[in-house]
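Inspection log for the structure reproduced underneath, given as structure tokens.
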Amino acid sequence: MMELGPLILSRIQFAFVVSFHIIFPSFTIGLAAWLTVLEAMSLATGLPVYRRLFDFWLKVFALAFAMGVVSGIVMAFQFGTNWSALSERTGAIQGPLLGYEAFTAFLLEASFFGVMMFGRERAPRWFYLFSCLMVALGTMASSYWIMCNNSWMQVPLGHGVVDGKIVPEDWKAILLGAVQLIRWPHMLLGAFLTTSLCVAATGAWHRLRGEAWEDSHVMLDWGIGLAAVLIPAQILLGHLAGEIVHKYQPAKFAAIEARWQDEQPASEVLIGWPDARKAENLYAITVPDLGSFIATGTWDSKEVGVESFPPEDRPPVAVPFFAFRIMFGLGVAILALSWTGLVLRTLGGLEQARWFLWLTLFSFPAGFIAVIAGWFTAEVGRQPWVVYGLLRTRDAVTPSLSTPEATASLIVFILVYSLIYGFGAVYFHRLLRDGLTKRTRAAAGYDFHAERPQ
């Protein structure tokens with residue numbers, strides 16, 4: 001039975017907060033780029049549809065941006081309250097990385113965000129477009145610094161140890177290492193895919209309701225088209241990220257595969273139920289030799305099992321095993337959905353196929369779930385290390401933190417987040433549902449049925 005002490009409670013709290021927080025960057029990164037495209041198209045073509053869609057999505061972006069900032073501040077606050085030993089040991093590296101994120105990316109976003117929100121009628125059109133671009137670049141730069149910090153924790157490079165503290169020795173390795181240059185684009189494309197599915201699903205929603213024909217047409221075209229282009233690259237980057245795990249984090253790789261003993265050649269467990277007590281997979285469906293091919297590109301490589309590692313170095317198996325399969329399964333589903341959409345679009349039946357519109361609508365949360373599942377795979381699979389191979393999670397928690405304090409803060413976080421983000425979710429739903437309704441469009445002097453196909 002797991003004891004709910006300060007360590008476990010702090011881990012639960014951080015997982016809870018980061019699971020809420022990651023929803024917003026994974027949406028706003030792509031949404032900022034989408035707004036920039038809409039403004040550029042409006043400026044280039046002069047078509048009113050792009051201006052209407054920009055105004056609609058700007059409201060959504062403003063709310064998501066604000067909620068992301070709030071949850072991000074809370075998440076950073078925990079480094080001092082619950083993980084002060086981590087801050088003390090790794091502050092020489094993590095402090096500058098998080099500081100650079102604030103002083104570069106966040107300031108860039110914040111500076112031009114005000115122009116985006118309030119400067120359309122005050123600034124020249126070219127400068128307004130430039131402001132949109134700067135906000136989009138700021139969101140991507142922010143993700144770079146955060147992923148740089150996380151990639152270093154996953155695979156520490158360019159560091160030394162002085163008096164028990166981890167200090168930087170090679171910033172180039174930390175900032176531009178091969179691990180970061182694969183994991184960051186993987187996260188970035190995940191954000192773009194999340195937004196593209198949200199845009200397409202919103203277009204499908206209005207099309208199913210028989211309204212906003214021109215607007216829904218643009219959202220479906222752009223959303224499905226972008227997903228179809230990006231998802232093959234995302235799957236490739238995911239494979240490259242898996243090769244990094246195989247090379248640098250063999251225990252995590254074994255947990256993801258639910259491989260308990262060394263195998264040569266190694267089979268691939270497609271699905272099953274990992275049983276840690278018996279060190280076996282119940283009800284498993286396996287493919288012989290496929291595990292070796294996935295890991296190394298050969299059919300006869302020897303692959304290490306979880307039991308080859310000391311008990312104190314073994315990660316949990318069930319969470320990374322299932323989380324990875326959720327992420328990969330959703331990636332395949334997005335591939336099938338987007339490419340089916342391309343075929344229907346080519347045949348001229350995309351917007352008349354109601355079954356496809358319903359599938360697109362229900363794909364709305366797929367990107368968010370895939371991103372969260374990916375993070376759970378990476379973070380839980382890294383255990384028992386907070387900095388892989390250098391600092392164990394149990395040694396990173398604040399020494400003076402008591403169980404009652406950790407319990408109280410966790411309860412407060414759950415209650416406050418449930419209240420604030422519950423209202424936020426309701427408002428998001430109303431914006432996406434009613435943002436292009438007759439009342440809004442009529443108020444803008446728009447003939448709601450003018451472009452409806454006969």
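Here are some notes:
- Single residue of Ala178, Ala173, Ala141, Ala110 found to be modelled with pLDDT under 90 and more than 24 Å from Ile235 (Cβ to Cβ): Ala110
- Taking every residue in the stretch 175-187 that is of a type in the set (Gly, Ala, Ser) and pairing it with any residue that is not in a helix (DSSP H, G or I), at least 6 positions away or on another chain, the pairs with Cβ-Cβ distances below 7 Å are Gly177/Leu157.
- Restricting the first member to the stretch 200-216 and to residues that are β-branched (Val, Ile, Thr), and the second to residues that are buried (at least 21 other Cβ atoms within 10 Å of the Cβ) and modelled with pLDDT under 85, the beta-carbon pairs closer than 9 Å and six or more apart or on different chains are Thr202/Leu436.
- Hits in the stretch 287-301 - residues which are surrounded by fewer than 16 Cβ atoms within 10 Å (Cβ to Cβ) and touching a strand residue (DSSP E or B) at 6+ places or on another chain (Cβ under 7 Å): Val287
- Extreme residue, farthest from Val17 (Cα to Cα), among residues of the stretch 381-427 that are of a type in the set (Val, Ile, Thr) and buried (at least 20 other Cβ atoms within 10 Å of the Cβ): Val387
- Selection from the stretch 10-54 of residues that are part of a helix (DSSP H, G or I), without any contact (Cβ under 8 Å) to a residue 60 or more places away in the chain and surrounded by 17 or more Cβ atoms within 10 Å (Cβ to Cβ): His21, Leu38, Met41, Ser42, Arg51, Phe54
- Residue satisfying condition, being charged (D, E, K, R) and either buried (at least 21 other Cβ atoms within 10 Å of the Cβ) or under 17 Å from the mean Cα position of the chain (by Cα) (or both), within set Asp170, Asp163, Asp221, Asp215: Asp215
- In the stretch 148-169, the residues that are assigned to a loop (DSSP other than H, G, I, E, B) form Cβ pairs under 8 Å with partners that are loosely packed, with under 14 Cβ neighbours inside 10 Å and aromatic (Phe, Trp, Tyr), at six or more places apart or across chains, as follows: Gly158/Trp171.
- In the stretch 411-438, the residues that are of a type in the set (Gly, Ala, Ser) form Cβ pairs under 8 Å with partners that are at pLDDT 75 or above, at six or more places apart or across chains, as follows: Gly424/Leu63; Gly424/Met67; Gly435/Phe56; Gly435/Lys59; Gly435/Val60.
- Residue check, Arg354 under 27 Å from Phe27 (Cβ atoms) and among the basic types (Lys, Arg): yes
- When the residues of the stretch 360-378 are filtered to those that are over 22 Å from Leu342 (Cα atoms) and among the β-branched types (Val, Ile, Thr), the one that is surrounded by the fewest Cβ atoms within 10 Å (Cβ to Cβ) is Ile369.
- For the stretch 83-91, the condition holds for at least one residue, the condition being that it is assigned to a loop (DSSP other than H, G, I, E, B), surrounded by 19 or more Cβ atoms within 10 Å (Cβ to Cβ) and either within 24 Å of the chain's Cα centre (by Cα) or of a type in the set (Gly, Ala, Ser) (or both).
The values are calculated or read from the model by the stated rules, or taken from the named source; none is laboratory data. These figures come from a predicted structure and were not determined experimentally. Quick reminder, even Gly has a Cβ in these numbers, built from the backbone with ideal geometry, and neighbours come from all protein chains shown.
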